[in-house]
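> Here you go, one structure.
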Amino acid sequence: MTRLVLAGCGNMGYAMLHAWISKGVAERSDVAVVEPAEALRSRAMELGVTAVEDPDQIPGGFDPSLVVFAVKPQIMTDVLPVYRRFAQAGATCMSIAAGTNIGIIESILGAKTPVVRCMPNTPAAIGKGMMVLYANAHTSNAARQEISNLLGANGRVEWINDEGLMDAVTAVSGSGPAYVFYFMECLAAAGESAGLPAETAATLAMQTVYGAACLAFESDTPPAKLREQVTSPNGTTAAALNILMGDERLKNLVADAVEAARLRSIELG
């Protein structure tokens, strides 16, 4: 089991923590949460872990092998220095802050600190997340495995070998759930405009997206082929796809959205 410090326990930090505890990949006694906000700290304590306002309040003798930074990118450079003692003691440090590159973290915690960047997404709260990671050269294989085991409770884990890809990862899977949620909103609104009761339209939209995603994930057939299989020539689906795919309008719109998110991730760094 991993002994860890979780710095920040907002929505994403709490979602990850909840899965670690509920799935038994982390023992309650091996987790210390640092969270200045009283309400968020109390929520963490309800899971049975130690939760304190300041890292100096972490009980003596609590020596983590991993420190997870789940704070906003804008405050990372303010938060990092007070955790330098854990890095100097050999702890691996993992950040989920979008845009904060490993060089920044190393410059504060020490050039030889084992550092991992992680880009999760919100389905991590139910164990269905996409957890993408990049590690610096000082991160051992044992630490990588330790982190993979931990984050496996949150969903699928993938390691990449080029940190430069993290901005694209952020734009696709980090922000991606919001795109899908918005598509659900739009599909439900269109159903309601077509005459369906609001509740029925919402149910149809959510279940359709859920079912299609499950089918794509569990099938060996690529999404493009699945789309073709449900599209009869001159049928209703074809009529709709003529709108979405005509002049590649949806493809271009999604590409523009992902690029905007990627560029913002770079700015945050």
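All of the numbers you see were taken from the coordinates with simple rules; none came from a lab. As the structure is a computational prediction, the values presented were derived from the model and not from experiment. Cβ placement follows ideal geometry from the backbone for every residue including glycine, while neighbour counts extend to all protein chains displayed.
> Take the residue pairs Lys72/Lys112; Lys23/Lys112; Lys72/Lys251 and return only those whose Cα atoms are more than 27 Å apart. Mind dumping the intermediate values first?
Values: Lys72/Lys112 24 Å; Lys23/Lys112 32 Å; Lys72/Lys251 31 Å.
As for pairs spanning more than 27 Å Cα to Cα, those are Lys23/Lys112; Lys72/Lys251.
> Right, here's the next one. Put +1 on the Cβ of every Lys and Arg and -1 on every Asp and Glu Cβ in the stretch 1-159; which of Met130, Met45, Asn154 then has its Cα farthest towards the positive end of the dipole?
Of the candidates, Met130 comes out farthest on the positive side.
> State the answer as a single residue: which of Ser173, Thr139, Gly235 lies farthest towards the positive end of the charge dipole of the chain, with beta carbon charges of +1 for Lys and Arg and -1 for Asp and Glu, about the Cα centre.
The listed residue farthest towards the positive side: Thr139.
> Considering amide H positions built from the backbone, and no H for Pro or chain starts, which residues 5 or more places from Thr2, or on another chain, come under 5 Å of its amide H?
Distant-sequence amide H within range of Thr2: Glu27.
> Let me ask something else. Quick one: which residues, 5 or more positions from Trp159 or on another chain, have an amide H under 5 Å from its amide H? H modelled 1.01 Å from N in the peptide plane, none for Pro or chain starts.
Leu133
> Additional query: Suppose R0 equals 45 Å. What FRET efficiency, 1/(1 + (r/R0)^6) with r the Cβ-Cβ distance, do Leu226 and Asp56 give to the nearest 0.05? Mind showing how you got there, number by number?
Details: r = 54 Å, r/R0 = 1.20.
Once rounded, the FRET efficiency stands at 0.25.
> Per residue Cα convex hull volume for the stretch 78-132, in cubic angstrom?
On the way: hull volume 5.1 nm³, N = 55.
Cα-based convex hull of the stretch 78-132, divided per residue, equals 92 Å³.
> Looking at the calculated P(r) for the stretch 114-248, what percent of the C-alpha pair distances fall above 17 Å? The partial results should precede the final answer.
Values: 6403 of 9045 pairs.
Considering the stretch 114-248, 71 percent of its Cα-Cα pairs are separated by more than 17 Å.
> In whole angstrom, how far apart do the alpha carbon centroids of the stretch 77-128 and the stretch 146-170 sit?
13
> Which GluC sites (Glu not before Pro) does the stretch 33-66 hold that lie in a coil by DSSP with at most 16 other beta carbons within 10 Å?
Hits after loop and neighbour filter: Glu46, Glu53.
> Separate question: Need one number: convex hull volume per residue for the stretch 1-84, Cα atoms only, in Å³.
Dividing the Cα hull volume of the stretch 1-84 by its residues yields 85 Å³.
> Sticking with this structure for a sec: If one takes the longest principal axis of the Cα atoms in the chain, at what angle in degrees, from 0 to 90 and to the nearest 10, does the Cα axis of helix 249-268 lie?
10
> Over the chain, what is the percentage of antiparallel beta bridges among all DSSP beta bridges, to the nearest 5? Show your work: numbers first, answer last.
Values: 4 of 27 bridges.
Restricted to the chain, the bridges split so that about 15 percent are antiparallel.
> Run through every distinct alpha carbon pair of the stretch 171-269 and return the Kirkwood hydrodynamic radius in angstroms, one decimal place. Present the calculation step by step, with values, prior to reporting the outcome.
Numbers: mean 1/r = 0.0649 Å⁻¹.
This gives a value of 15.4 Å.
> Further question on the same structure: For the chain, what is the charge dipole size about the Cα centre, in debye to the nearest 20, if Lys and Arg each add +1 at the Cβ and Asp and Glu each add -1 at the Cβ?
Details: 19 positive and 27 negative charges, 73 e Å.
With Lys and Arg at +1 and Asp and Glu at -1, about 360 debye.
> Please report the orientation-averaged projected area of the chain, defined via the convex hull of its C-alpha atoms, in nm². Spell out each step's value before the answer.
Numbers: hull surface 65.7 nm².
Result: a mean projected hull area of 16.4 nm².
> Amide H neighbours of Ala51 under 5 Å, at least 5 residues apart or on other chains, H built in the peptide plane: list them.
Placed amide hydrogens put Val33 under 5 Å from Ala51.
> Can you tell me the FRET efficiency between Met45 and Glu192 if r is taken as the Cβ-Cβ distance and R0 is 45 Å, rounded to the nearest 0.05? Don't skip to the answer; put the middle values down first.
Numbers: r = 42 Å, r/R0 = 0.93.
The pair Met45/Glu192 has a calculated efficiency of 0.60.
> What three numbers, in Å, describe the spread of the alpha carbons of the stretch 44-175 along their principal axes, ordered from the longest?
40, 36, 31
> Give a residue-ordered list of calculated ³J(HN,Hα) values for the stretch 12-24 (Karplus: 6.51 cos²θ - 1.76 cosθ + 1.60, θ = phi - 60°; whole Hz; x for Gly, Pro).
Values, residue by residue: 6, x, 5, 4, 5, 4, 4, 5, 4, 6, 5, 9, x Hz.
> Let me ask something else. Determine the calculated [θ] at 222 nm for the chain from helices alone, applying -39500 (n - 2.57) to every DSSP H run no shorter than 4 residues and normalising by the residue count; nearest 500 deg cm²/dmol. Let's see the in-between values first.
Values: 12 runs with 129 residues, N = 269.
For the chain, the value works out to -14500 deg cm²/dmol.
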